[in-house]
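All remarks here apply to the structure that follows.
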Amino acid sequence: MELKSLFIISIGSIFINNFIFARFLGICPYIGVSKQLDSAVGMGAAVTFVMTLASTVTWLIYNYLLAPIEANIFYKLFSLSAPPDLTFLKTIAFILVIASLVQFVEMVIQKTSPALYKSLGIYLPLITTNCAILGVSLLNIDENYLFIESIVNGLSAGIGFTIALVLMAGIREKLELADVPKSMRGIPIAFIMAGLMAIAFLGFSGLKL
Amino acid sequence: MSAFKEFSKGIYAENPVFKQALGLCPTLAVSNSVENGLGMGLAATFVLVCSNVIISLIRKSVPPKIRIPIYIVVIATFVTMIDLSMAGFFPALHKSLGIFVPLIVVNCIILGRAEAYAGKNNAGLSFLDGLGMGIGFTLALMLLGVIRELLGNGSLFGLPMLGAHFEPVLIMILPPGAFLTIGFVLGFFNWLENRRQNN
């Protein structure tokens, strides 16, 4: 485990494979919550927080409960002849864990910090069906990341999402004043803007690390 | 007549992608070719129809407070089924759709129909509703797929269409092309709607 590989993972997730512009994960909140700068920052913070937490928890669940390896808890607990392969339960297990995690985080924030709850609260329930959260958990497994790499990947993916969301919100606030053709107002012009920004982000794909 | 309307509304009048702006992540990600769009659309249609029917059958015994987790488990079960079958029967398609097959679970069209329709109506109507919405989603994916593959690769279903002199517009099959295409297509549908209202 080197610091360098963690750095490469984090630059990769923030810029080169940005969740919005290169992987198309989390487009619904991206279009829905990017109308105002304040709410974009709030949503970005909530997503980054839940993404990091979800990467941590789903990695542990996959490697200690589902994967057919020596460390499988069921293998030790019931002294089975071979480690059981429960990887087909991955999708169901992950989505349930993420849904309960979001609910749990919501309750904790509500009890401990009413101010934070007030600013993040309305975005938290939306996050359960944000495909970026399940997406980052599945990608960590597909890429065979180690524990610490998964956490870094989750955090960086969240930062990348926040950057995209905040940039977009800044542009859309200005766009309110622009004279856009009637048919293109609202969502269509937001997509055109996203396309132009995606072209800019495409430049990062030439980055050699 | 009304049963037919439940089926047909998903195809144009309430098309999940163009009119409701739902399920955008898979729409943008897998529409780089017609074949991927068709595969993704059919997989989502299967999940949509099955989950709609099951949810409408169990709707009276589901406690309202925990209905969302229950819906998600039903949906995730069918997604796992389609994920494993696709990996077995169409490994090439499964590989090119990649992470977006398990991500059908969080496709907002499916949970949206469960919440808005299947939780309130009987199984027959929910079946028609799911089928209509699924076909509408498939057609939307294929429309984007046709535009992007034709312009970006000069082909349809992998067969060359525009001859040797055509210079492919590579950007169309790259990520920015997805955003630009859906922006202009949504704008076009808005323009049609505006013109219809003016007449």
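Going through B:Gly187, B:Gly177 one at a time, which residue ends up being without any contact (Cβ under 8 Å) to a residue 24 or more places away in the chain and under 22 Å from A:Ile189 (Cα atoms)? Talk me through it step by step, then tell me what you get.
Working: B:Gly177 fails: without any contact (Cβ under 8 Å) to a residue 24 or more places away in the chain.
B:Gly187 is the lone residue from the list that is without any contact (Cβ under 8 Å) to a residue 24 or more places away in the chain and under 22 Å from A:Ile189 (Cα atoms).
Could you please give the count of residues in region A:73-90 that are free of Cβ contacts under 8 Å to residues at least 40 places away in the same chain and not in a loop (DSSP other than H, G, I, E, B)?
8
Tell me, which residue of region B:11-48 that is away from every other protein chain (no Cβ under 14 Å) and more than 24 Å from B:Ser96 (Cα to Cα) is surrounded by the most Cβ atoms within 10 Å (Cβ to Cβ)?
In this case the residue turns out to be B:Ile11.
Which of the following residues is under 22 Å from the mean Cα position of the chain (by Cα), more than 16 Å from B:Ser33 (Cβ to Cβ) and not small (Gly, Ala, Ser): B:Glu149, B:Glu115?
Values: B:Glu149 fails: more than 16 Å from B:Ser33 (Cβ to Cβ).
Result of the check over B:Glu149, B:Glu115: B:Glu115.
Quick one: which of A:Ala164, A:Ala115, A:Ala169 is surrounded by fewer than 20 Cβ atoms within 10 Å (Cβ to Cβ), of a type outside the set (Asp, Glu) and part of a helix (DSSP H, G or I)?
Details: A:Ala164 fails: surrounded by fewer than 20 Cβ atoms within 10 Å (Cβ to Cβ); A:Ala169 fails: surrounded by fewer than 20 Cβ atoms within 10 Å (Cβ to Cβ).
From the options A:Ala164, A:Ala115, A:Ala169, the qualifying one is A:Ala115.
Helices (runs of 4 or more DSSP H) wholly in region B:83-198 with at least 3 residues that are closer than 30 Å to A:Ala200 by Cβ and at the interface with chain A (Cβ under 10 Å from one of its Cβ atoms) - which ones?
It comes to B:175-198.
Out of (1) assigned to a loop (DSSP other than H, G, I, E, B); (2) under 14 Å from the mean Cα position of the chain (by Cα), the odd one out for A:Thr52 is which?
Answer for A:Thr52: the failing condition is (1).
Please go through region A:92-125 and give me each residue that is facing another protein chain (nearest Cβ under 10 Å) and touching a residue at least 40 places away in the same chain (Cβ under 8 Å), ordered by number.
Of region A:92-125, the ones facing another protein chain (nearest Cβ under 10 Å) are A:92-96, A:98-100, A:103, A:125.
Answer for region A:92-125, where residues must be facing another protein chain (nearest Cβ under 10 Å) and touching a residue at least 40 places away in the same chain (Cβ under 8 Å): A:Phe94, A:Ile98.
Would you mind stating whether A:Asp38 is under 30 Å from B:Gly183 (Cβ atoms) and either of a type outside the set (Asp, Glu) or surrounded by fewer than 17 Cβ atoms within 10 Å (Cβ to Cβ) (or both)?
yes
List the pairs whose first member sits in region B:159-172 and is on the phi < 0 side of the Ramachandran plot and among the hydrophobic types (A, V, I, L, M, F, W, C), whose second member is exposed (fewer than 11 other Cβ atoms within 10 Å of the Cβ) and not in a helix (DSSP H, G or I), and whose Cβ atoms are under 8 Å apart, counting only residues at least 6 apart or on separate chains?
Going by the 8 Å Cβ cut-off, there are no qualifying pairs.
Among A:Ile187, A:Ile199, which is closer than 15 Å to A:Ser34 by Cα and either surrounded by fewer than 23 Cβ atoms within 10 Å (Cβ to Cβ) or more than 8 Å from chain B (Cβ to nearest Cβ) (or both)?
That would be A:Ile187, the only listed residue that is closer than 15 Å to A:Ser34 by Cα and either surrounded by fewer than 23 Cβ atoms within 10 Å (Cβ to Cβ) or more than 8 Å from chain B (Cβ to nearest Cβ) (or both).
State all residues of region A:180-201 that are without any contact (Cβ under 8 Å) to a residue 12 or more places away in the chain and either closer than 14 Å to B:Leu28 by Cβ or not in a loop (DSSP other than H, G, I, E, B) (or both); if no residue qualifies, say none.
Residues satisfying the conditions are A:Lys182, A:Ser183, A:Met184, A:Pro188, A:Ile192, A:Gly195, A:Leu196, A:Ile199, A:Ala200.
Table: residues versus (1) modelled with pLDDT of 90 or more; (2) polar (S, T, N, Q).
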| residue | (1), (2) |
| --- | --- |
| B:Ile55 | yes, no |
| B:Arg59 | yes, no |
| B:Lys65 | no, no |
| B:Ile68 | no, no |
| B:Pro102 | yes, no |
| B:Asn107 | no, yes |
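Being over 19 Å from A:Lys35 (Cβ atoms), touching a residue at least 24 places away in the same chain (Cβ under 8 Å) and aliphatic (A, V, I, L, M) is the requirement here; does A:Ile159 meet it? If you could, list the steps in order and put the result at the bottom.
Values: over 19 Å from A:Lys35 (Cβ atoms): yes; touching a residue at least 24 places away in the same chain (Cβ under 8 Å): yes; aliphatic (A, V, I, L, M): yes.
Against the criterion (over 19 Å from A:Lys35 (Cβ atoms), touching a residue at least 24 places away in the same chain (Cβ under 8 Å) and aliphatic (A, V, I, L, M)), A:Ile159 qualifies.
The values are calculated or read from the model by the stated rules, or taken from the named source; none is laboratory data. Since we're looking at a predicted model, the values are computed, not measured. Cβ coordinates were reconstructed from backbone atoms using ideal geometry, including for glycine residues, and neighbour counts include every protein chain displayed.
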